[in-house]
Amino acid sequence: MNKYLEQLIELSKLDKEIDDFGPRIAKVEKMLKLSLDKERDLKLQAESFQADIADAKLKKAKNEAHLAELSAKLKDLTKKSSLVKTAKEIKALQLEEEISKEQCDFANDEINRLDKIIDLKQTNIAALQEKIADAVKEAEEIKASIDSQIQAIEEERKNVYQAKDELVSGMSQKILTFYQKIRKWAQNSTVVPVKKQACYGCFMRMNDKTYASVLKQDDIVTCPHCGRILYKEIEEVKA
């Protein structure tokens, strides 16, 4: 194989490895993000329940205050009932007493309803606290695992960059410039194999003359359709 072609194939592989490091790290970090998002959502739910409890307690306090006022009012009406003389006054007091008792019943019902809400929300918060604790533990474990994985990837990336630097230092500047010019638009398909007489960059079939040149691998051959650098794909022979 042509020396320069061999170098270009190797350079293309190294560049692809380098470009793959970013997505690999992002994929690993996504695991932690999902875990942290889960923890955050659980905490937001707990905060929402806490807000519901605070609101219910405030309403309960208002109803209790109103109930105390009504109780005092009923006592006052009882005192007045012994002082009234006319049937009209007695009827007015009875009506006022009935309304106050109805309001007392409503306030008591509302207090009971709010107590149930508070109990339910507190039960929900207790259940969430367990889930939050599990989520925090899970996030810590994932972070420890991710730190280890990222460290390994970074070490691998360092070695690949070193291999590329060593390769590039021994390459012809003219060949390197030619490669980089194609890579600007072809990215990681700058150097592609030929399979079944077709370029595996644009998948167009090439003529016999170009294909023969690729098979010889004596020179750098580019695809007549897309301009990518071509090399012979070694196909496995089926038994």
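The values are calculated or read from the model by the stated rules, or taken from the named source; none is laboratory data. Keep in mind that this is a model prediction, so the values were computed, not measured. Here the Cβ positions follow ideal geometry from the backbone for every residue, glycine too, while neighbour counts run over all protein chains shown. Surface accessibility is based on the protein's heavy atoms, side chains included, excluding ligands, DNA and RNA. Shrake-Rupley method; radii C 1.70, N 1.55, O 1.52, S 1.80 Å.
Computed values, structure above
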item: The chain: Cys lacking any partner C-beta under 4.7 angstrom; result: 104
item: Lysines whose Cα lies under 26 Å from that of residue 209, excluding same-chain neighbours fewer than 8 positions away; result: 3, 174, 181, 195, 196, 232
item: Semi-axis lengths, Å, segment 117-239, gyration tensor of Cα atoms, sqrt of 5 times eigenvalues; result: 54, 21, 15
item: Solvent-accessible area per residue, Å², over segment 28-67 with all protein chains present [probe radius 1.4 Å]; result: 67 Å²
item: Subset of 27/184; 13/216; 143/164; 43/137; 33/137 violating a 23 Å alpha-carbon distance limit; result: 27/184; 143/164
item: Residue 177 accessible area, 1.4 Å probe, all protein chains in place, Å² to nearest 10; result: 70 Å²
item: Gained length - residue 109 relative to residue 43, 0.36 nm times residue gap less alpha-carbon distance; result: 20.6 nm
item: Apportionment of accessible area to carbon and sulfur, segment 56-157, percent (1.4 Å); result: 54 percent
item: For peptides 144-152, 34-42, sequence by mean Cβ density within 10 Å, most packed first; result: 34-42, 144-152
item: Built amide H within the under 5 Å cut-off of residue 221, gap 5+; result: 230
item: Segment 126-145 residues near the modelled residue 52 label - backbone nitrogen below 15 Å, point 7 Å along Cα→Cβ; result: 126-129
item: Per residue solvent-accessible surface (Å²) - segment 124-166, probe of 1.4 Å; result: 68 Å²
item: Cα-Cα pairs of segment 1-116 separated by more than 17 Å (percent); result: 75 percent
item: Separation in nanometres of the label points that stand 7 Å from Cα toward Cβ, at residue 31 and residue 80; result: 7.5 nm
